[in-house]
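J.: Sending over a structure as structure tokens; questions will come in a sec.
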Amino acid sequence: MQRVNLSTVSEFVFVGLSDAPEIRLLLFVLFLLIYLATMAGNITFLVAISTDSHLHSPMYFFLGNLSLLDLLCPTITVPKMLGALLLEHKEISFSGCLFQHFCLIDVVGTEIFLLTVMAYDRYVAVCHPLRYPSIMSMKLCAQLVVGTWATGLLNSLLHTSLVFTLSFCGPNKIQQYYCDIPPVLALSCSSTHSRELVILVVAGVLGSSACMVTVVSYIYILLEILARNSPGIWHKAFSTCGSHLIVVCIFYGTTICTYVRPSYTYSPHWDRVMSMLYGMLTPLLNPIIYSLRNKEVKCALKRVISQVRRAL
């Protein structure tokens, strides 16, 4: 029986980070601060949502899952990157790279589907406000969230199997600070065209479907706003949907630029910048964006912070 995986590479080496000691130390401090701020922001957001009864609604239930994903995304990649910067330990085993790749694609895919579900939630809130509690029941919300996590898991299984059943028998230096699809595909010594095509088709179908649902939801929201034409309706609609729309634009923009393209357009320096945006800055910005214009969240966060201060 022919072996599917002909890999002779036992480990990979990350070469996407600077070799200059002074730059490495500066990057270590910078990324550590960003990571700690991301952890603190999202954990505080989760605690506020779970402990404040005013935030026990479908929108905040979805936001809690988004914060959980924003905790997982940088945790998958940043600790290894910090170790490479501080200890110069840039190696990762083949199985470790596979696991990191699987977890990252799982989290990214789940977040795409979750943002789509949140767009539908905003559509129901604006276009059917009186029926909102009956339509967006907690049972339906739980089913939607389970569906997003399950779809992200299946999507990750497919992508990981397509990438890591290739042959890796030559170079093992990954031009990135984590195991991502484009730089790993670039190291394969077997033909990747058919696998790339499948990856692009699957990502295109799932991504375009999620994007279509989001766009259609906001088209209906816009039509509803124009139909009502009442005083203050634009301000109310923006306060309801603005934060989600900003997060969607940032996340979709960086993700599409990174993944939805053939490997011959791969640029290590450009991809490192884009991956920093969706892998580190987006999880940091999400709780900030959702807190800026939301009085309920601000009040809940103040209560959590005051309780922490008293405890300390």
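The values are calculated or read from the model by the stated rules, or taken from the named source; none is laboratory data. As the structure is a prediction and not an experimental result, all values here were calculated from the model. Neighbour counts are summed over all protein chains in view; Cβ atoms, including those assigned to glycine, are modelled from backbone coordinates with ideal geometry. With ligands, DNA and RNA removed, areas are computed over all heavy atoms of the protein, side chains included. Shrake-Rupley method; radii C 1.70, N 1.55, O 1.52, S 1.80 Å.
J.: On a 0 to 90 degree scale, rounded to 10, what angle separates helix 94-127 from the longest Cα axis of the chain?
T.: 20 degrees
J.: Can you give me the Kirkwood hydrodynamic radius for the stretch 15-311, using every pair of distinct Cα atoms, in Å to one decimal?
T.: 20.6 Å
J.: How much length, in nm to one decimal, is gained on full extension between residue 153 and residue 288, taken as 0.36 nm per residue of separation minus their Cα-Cα distance?
T.: 45.9 nm
J.: In whole percent, and with a 1.4 Å probe on the protein chains, what portion of the accessible area of the stretch 15-311 is carbon and sulfur?
T.: 72 percent
J.: How many angstrom lie between the C-alpha centres of the stretch 43-62 and the stretch 91-138?
T.: When both Cα centres are located, 16 Å separates them.
J.: Specify which residue in the list 82, 109, 281 is farthest towards the positive end of the charge dipole of the stretch 15-311, using unit charges on the beta carbon of Lys, Arg (+1) and Asp, Glu (-1), about the Cα centre.
T.: 281
J.: Non-local amide H neighbours of residue 174 (under 5 Å, H modeled in plane, Pro and chain starts lacking H): which ones?
T.: Here 13, 14, 15 satisfy the definition.
J.: Would you list which lysines come within 18 Å of residue 90, measuring only between C-alpha atoms, while excluding same-chain residues fewer than 8 positions from it?
T.: The qualifying lysines are 80, 173.
J.: Per residue, how much accessible area does the stretch 15-311 show when a 1.4 Å probe rolls over the protein heavy atoms, in square angstrom?
T.: 47 Å²
J.: Could you name the lysines in cross-link range of residue 139, using Cα to Cα under 28 Å and dropping any fewer than eight places away on the same chain?
T.: Reachable lysines: 236, 295, 298.
J.: Moving on. Name the trypsin sites (Lys or Arg not before Pro) in the stretch 107-190 that are in a loop by DSSP and that have at most 14 other C-beta atoms within 10 Å, would you?
T.: Loop-located and lightly packed - 131.
J.: Turning to a different aspect of this structure: Which angle between 0 and 90 degrees, to the nearest 10, do you get for helix 58-87 versus the longest principal axis of the chain when only C-alpha atoms count?
T.: 30 degrees
J.: Can you give me the distance in nm between label points at residue 302 and residue 137, each placed 7 Å from the Cα along the Cα-to-Cβ direction?
T.: Spacing of the two 7 Å Cα→Cβ label points: 3.7 nm.
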